[in-house]
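Derivation of every value follows stated rules applied to the coordinates shown; laboratory data play no part. From a predicted model like this one, the values you see are computed outputs, not experimental measurements. Virtual Cβ from ideal backbone geometry, glycine too; neighbours counted across all protein chains shown.
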Amino acid sequence: MPRQILVTAALPYANGHIHIGHLVEYIQTDIWVRFQKLRGHRCIFVCADDTHGTAIMIRARREGRSEEAVIADMREAHMRDFAGFQIQFDNYGSTNSPDNKEACHQIWAAITKAGLVKTRSVEQLFDPVAGTFLADRFVRGTCPRCTAADQPGDNCSVCGAAYTPADLRDPRSILSNAVPELRSADHLFIELEQLRPFLEDWSQNGGHLQSEVARYLKGNFLGDPLRDWDISRPAPYFGFEIPDHPGNYWYVWFDAPIGYIGSTREWCRQHSEHVEAWWGRDSAAEIHHFIGKDITYFHTLFWPGMLHTAGLNLPSKVHVHGFLTVDGEKMSKSKGTFLMASTWLRHLPPGALRYYYSTKLGPGLDDIDLNVEEFVARVNTDLVNKVVNLASRCAGFLAGQTLADTYPDDGGLFAAGAARGDAIAAFYEDCNYNAATREIMALADRANKYVDDLQPWVIRKDPARSAELRDVCSVTLNLFRQIVVYLSPVLPGLAQQTAELLNQPITSWDEAARPLTGTLVSPFQHLMKRLEMKQVQAMVEESRQENAAEQSAAATPVAQSATPVGPAFHPADRWQDAGDALKNEPLAAECTIDDFTKVDLRVARVLEANHVEGANKLLQLTLSLGGGEVRNVFAGIKAAYKPEDLVGRLVICVANLKPRQMKFGLSQGMICASGAGGTEVFLLSPDTGAVPGHRVH
RNA sequence: GGCGGCGUAGCUCAGUUGGUUAGAGCAGCGGAAUCAUAAUCCGCGUGUCGGGGGUUCGAUUCCCUCCGCCGCUACCA
């Protein structure tokens with residue numbers, strides 16, 4: 001009995017490009033959808049750009065164009081990136097669409113009618129120049145507790161104090177640099193607490209949520225009265241105006257999930273279907289949302305609450321996944337691991353990432369790690385060495401001929417593989433791709449062993465055994481194809497190439513249980529190239545440079561392009577320091593005190609300084625940390641300092657740096673200096689009183 | 001501070017509804033093979049299942065506690 005399944009992935013925000021962290025979700029979801037379709041179910045996959053909110057409004061102002069122009073460009077970029085990674089949506093809409101607006105109106109009417117909406121006055125900082133209320137992150141000022149300057153509006157990054165933007169001393173709007181005013185405005189709230197009985201039941205029963213998620217809600221939200229949800233913003237705001245409250249707009253998180261319905265409506269119009277067949281309360285459709293754990297709250301409390309109140313179909317399951325780390329760390333712009341989808345596609349094939357993610361993804365919300373060395377090894381070993389190798393080993397012997405007319409005796413191998421089909425399908429269904437790929441690779445191992453045992457390369461030498469050769473190759477190619485059927489949700493490209501090789505498309509999961517006979521075998525072409533570490537390194541390097549360029553561009557303050565309004569005098573103006581140095585070398589990513597502590601900086605005295613024979617830039621220094629502890633250091637300061645001027649002076653050195661073998665000898669540290677290099681090098685010195693061995697804190 | 005999660009072989013992770021010798025892949029070592037994109041096949045793991053305590057005939061699996069790591073949260077979530 002075919003199921004009717006509506007699948008969604010979270011709507012990417014129109015303020016940024018798709019990166020490999022986003023792709024965890026889109027790949028996970030796309031695989032699930034392709035799997036369902038392959039199984040013969042009726043399944044549609046809808047998504048859309050999330051387009052509303054303050055951030056888009058600000059961006060449009062900064063770029064001096066309309067919000068519509070900003071989101072149109074980004075939508076195009078998103079769709080291009082998704083297509084590049086073989087993410088196949090049935091419809092890709094926008095939350096800023098007539099269909100979505102209509103859906104918002106419909107749900108709003110129901111929520112209002114149910115008596116869930118109330119009005120309350122909210123005090124908030126207002127930017128009189130930009131003419132807009134300011135979300136916390138758009139205000140900066142001096143921390144009221146520790147007086148650190150230029151802190152964000154919600155908490156202090158120096159002392160950790162939490163406060164409201166109104167508590168800041170000397171607050172500034174980052175939009176216009178104006179001094180914000182405290183103003184009040186009426187906001188609309190949804191009284192979620194009224195839905196408590198429903199939410200407790202829905203979230204805890206019926207298996208709609210992973211057990212961790214159900215527990216999380218129970219412990220974090222359902223234990224206390226549910227807070228009212230502020231869902232309106234006063235003008236100006238880029239979004240939909242609330243029909244019965246002119247001058248107020250729905251908060252972006254109100255209309256974003258409704259975008260799932262809006263996108264479905266679009267699809268329905270294009271396919272002459274009724275949206276009620278999917279979202280109506282009596283619909284037989286299952287609804288599956290795939291989201292990241294950061295937006296669990298919206299999808300497991302607000303969203304079902306809204307649907308319930310509006311009398312619509314509820315999610316069958318919300319699949320929550322974890323975040324992506326790269327080499328065990330958060331993706332980092334400065335390290336180049338904050339990889340954009342488009343950057344990836346310039347260097348590496350999409351299938352490699354799809355497959356690697358599959359080997360890491362399980363049904364839980366654990367973060368997954370992209371370890372680049374493992375990535376290269378895994379993809380090469382599994383896909384090239386094992387799977388594709390099967391075709392590569394045998395297709396050549398049979399090119400231009402046909403597969404055996406009846407499937408030969410293979411000792412039960414194909415049947416055994418077919419028998420694993422249900423188990424593999426269950427893993428896919430449960431989003432346990434990691435287990436699915438493991439299972440599939442075991443089939444590839446067995447198939448390779450079959451080839452080793454039967455030795456077609458020996459059989460080929462005897463013309464009398466040509467029928468036997470054809471049988472062995474037919475078996476191997478069928479085992480290969482069976483594996484490809486199982487992998488096809490992950491690797492649609494490989495499925496397509498295999499269809500061309502064996503002249504038979506792969507359209508159904510059941511084909512893994514039916515050996516192919518009698519079809520022509522096309523001349524073999526490589527189905528996949530091995531990855532090289534070089535490619536990954538080049539990609540990371542390009543990404544690092546892109547981000548550095550972007551950051552120095554972004555370092556230009558908003559205030560410069562917005563109307564400059566601010567104090568006539570700023571303390572920094574007294575010295576007239578230009579911003580070039582900072583611009584040329586933007587600030588590195590934030591580090592913790594622990595990171596800083598790892599670097600052991602010490603005061604050292606230069607005992608000796610010498611030219612290095614054959615070196616253009618280096619001086620060789622002998623540093624003393626006191627008490628007879630000396631270090632040999634090569635420093636690139638020859639153009640800026642004469643050796644004789646250095647001897648005797650104090651410098652700051654990195655004393656615990658891993659020694660490095662250089663062309664001219666072993667360098668056991670670095671000395672600290674600022675400047676662009678060349679003749680512009682300025683050594684750091686401690687003030688009078690410091691002695692060699694002092695640690696710099 | 002609160003809540004949650006994690007800590008299993010060099011690496012990435014399975015697993016155990018408590019029960020005979022705790023698993024896989026990768027890496028490593030030895031051998032075979034040479035059809036195949038330096039790919040394949042066979043053999044090789046004495047790991048305190050983070051430390052300690054408890055419950056039990058028996059715990060890596062349940063409970064408590066400690067250590068370490070991480071995430072979320074700390075009034076517009």
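Taken over the alpha carbons of the stretch A:218-377 as equal point scatterers, the Debye sum produces base-10 log I(q)/I(0) values at 0.10, 0.12, 0.17, 0.18 Å⁻¹ of -0.58, -0.80, -1.17, -1.20. Overall form of the stretch A:141-279: oblate. Here a/c, set by the Cα gyration tensor axes a ≥ b ≥ c, is 1.5 or more, and a/b is not larger than b/c. Over chain A, Cα pairs under 8 Å with separation of 6+ residues give a relative contact order of 12 percent. For the stretch A:112-232, averaging the sequence separation of C-alpha pairs within contact (under 8 Å, six or more residues apart) and dividing by the residue count gives a relative contact order of 27 percent. About the centre of its Cα atoms, chain A shows a dipole size close to 1360 debye [charges on the beta carbon of Lys, Arg (+1) and Asp, Glu (-1) only; nearest 20 debye].
Take each peptide in A:129-135, A:412-418, count the other Cβ atoms within 10 Å of every residue, and average; sorted highest first, the result is A:129-135, A:412-418. Annotation: lysines with alpha-carbon distance below 17 angstrom to A:Lys598 (same-chain offsets under eight excluded): A:Lys658. For the stretch A:258-382, give the share of DSSP beta bridges that are antiparallel, in percent and rounded to the nearest 5; count only bridges with both residues there. Just about 25 percent of them are antiparallel. Highest-first packing order for the peptide set A:209-221, A:66-78 is A:66-78, A:209-221, based on the mean count of other beta carbon atoms within 10 Å.
Screening chain A for whole DSSP H helices with an alpha carbon extent of at least 24 angstrom along the helix axis and a mean Kyte-Doolittle hydropathy of at least 0.5 yields A:466-487. A simple charge model with +1 on the Cβ of Lys and Arg, -1 on the Cβ of Asp and Glu and nothing else charged puts the dipole of the stretch A:367-513 at about 580 debye relative to its Cα centre. Taking every DSSP bridge with both residues inside chain A, close to 70 percent are antiparallel.
The smallest convex shape that holds all Cα atoms of chain A, its convex hull, gives 217 Å³ per residue. Once backbone amide H atoms are built at 1.01 Å from N, A:Arg39 has A:Trp509 as its partners under 5 Å, excluding neighbours fewer than 5 places away on the same chain.
So which of A:Lys118/A:Lys218; A:Lys37/A:Lys333; A:Lys330/A:Lys638; A:Lys360/A:Lys449; A:Lys317/A:Lys449; A:Lys317/A:Lys529 end up more than 29 Å apart by C-alpha? Table pairs above 29 Å Cα-Cα are A:Lys37/A:Lys333; A:Lys330/A:Lys638; A:Lys317/A:Lys449; A:Lys317/A:Lys529. Peptides A:536-549, A:467-480, ordered by how many other C-beta atoms sit within 10 Å of their residues on average, highest first, read A:467-480, A:536-549. For A:Asp600, the residues whose modelled amide H falls within less than 5 Å of its own, excluding neighbours fewer than 5 places apart on the same chain, are A:Ala655, A:Asn656. The residues neighbouring A:Lys101, those whose beta-carbon lies less than 10 Å from its own, together hold a net charge of -4 under the Lys/Arg +1, Asp/Glu -1 convention.
In chain A, a dipole from Cβ-located charges (positive for Lys and Arg, negative for Asp and Glu) runs towards its positive end, and of A:Ser685, A:Gly21, A:Leu226 it is A:Ser685 whose Cα lies farthest in that direction. Based on DSSP H segments of at least four residues, each scored -39500 (n - 2.57), chain A has a per-residue ellipticity at 222 nm of -11500 deg cm²/dmol. Using a cutoff of 8 angstrom between alpha carbon atoms and counting only pairs six or more residues apart, the relative contact order for the stretch A:379-528 works out to 41 percent. For A:Lys335, the aspartates and glutamates whose Cα comes closer than 13 Å to its Cα, not counting residues fewer than 8 places off in the same chain, are A:Asp327, A:Glu541, A:Glu542, A:Glu546, A:Glu590.
Dividing the convex hull volume of the alpha-carbon atoms in the stretch A:169-230 by its residue count gives 169 Å³ per residue.
Ignoring aspartates and glutamates fewer than eight residues from A:Lys101 along the same chain, the ones with Cα atoms less than 18 angstrom from its Cα are A:Asp49, A:Asp50, A:Glu67, A:Glu68, A:Glu241, A:Asp244, A:Asp255, A:Glu266, A:Glu276.
Legend: P(r) of the stretch A:405-497 from all alpha carbon pair distances, 5 Å bins from 0, whole percents, reading 3, 13, 22, 20, 17, 12, 7, 4, 2, 0.
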